[in-house]
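Working notes, structure below.
The values are calculated or read from the model by the stated rules, or taken from the named source; none is laboratory data. Only a predicted model underlies this, so the values are computations on that prediction, with no experimental measurement involved. Positions of Cβ are backbone-derived with ideal geometry, glycine not excepted, and every protein chain shown enters the neighbour counts.
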Amino acid sequence: MIITPTNLKDLHVITREPREDDRGTFSRMFCQNELQKAGIDFTIVQINQGFSKHKGTLRGMHHQTTPKEEGKIFYCIQGSVFDAVIDMREDSPTYKKWFGIELNANNKKMLYIPKGFSHGYQTLEDNTLVEYFVSEFYSPEFEKGIRYDDPSIGIKWPLSQPLLSPKDKQWPLLSS
């Protein structure tokens, strides 16, 4: 695993290093020792999988608040997504900044999203499957969200006219 910091504090791209032979490939999806060497303290308590039938489906922006903040390791198994995060930690030098990356079935990239970040993704292909490891159990009473198109953040989503759930359409703007 290659763990690379991004321009947002504590956010990392993890690139798998498959070993290949004439039978196929093998790659490590998670290694607590390697994460700890990179300064990442992460324990998996839940693994989630999401399937989206249609290109342009946008899920987000979601996060959980204290005391149920969650970190994630997010990747794409089938198809492709534009994955976006916002640093919501008020004491962070990158507070309210966003980062986006394409994750797909072929590029071997995953995103480590620390606690205190809001997260969302938009599918770039039909029939896209994602999976993510989570460090905290889902707690709906601590779930919050931000509008995907909040102008104070300015995420540049690759596809216009996203397919959104009613819940995701109604998240507030940060200025609200």
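The table below lists the values:
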{"read-out": "Answer from ILE113, ILE101 - the residue that is hydrophobic (A, V, I, L, M, F, W, C) and either at pLDDT below 95 or in contact with a His (Cβ under 6 Å, 6 or more places away or on another chain) (or both)", "value": "ILE113"}
{"read-out": "Checking ASP10 against (1) in contact with a Phe, Trp or Tyr (Cβ under 9 Å, 6 or more places away or on another chain); (2) modelled with pLDDT of 95 or more; (3) charged (D, E, K, R); (4) more than 28 Å from MET88 (Cβ to Cβ), the condition it does not meet", "value": "(4)"}
{"read-out": "LYS167 assigned to a helix (DSSP H, G or I) and within 30 Å of THR43 (Cα to Cα)", "value": "yes"}
{"read-out": "Filter pass, GLN122 being farther than 15 Å from THR65 by Cα, part of a strand (DSSP E or B) and of a type in the set (S, T, N, Q)", "value": "yes"}
{"read-out": "Given (1) touching a residue at least 40 places away in the same chain (Cβ under 8 Å); (2) over 30 Å from PRO166 (Cβ atoms), index of the condition THR4 fails", "value": "(1)"}
{"read-out": "Test: residue in region 74-82 that is touching a Phe, Trp or Tyr at 6+ places or on another chain (Cβ under 6 Å) and of a type outside the set (Gly, Ala, Ser)", "value": "yes"}
{"read-out": "Region 119-175, residues that are among the basic types (Lys, Arg), in contact (Cβ under 8 Å) with a residue 24 or more places away in the chain and in contact with a Gly (Cβ under 8 Å, 6 or more places away or on another chain)", "value": "LYS156"}
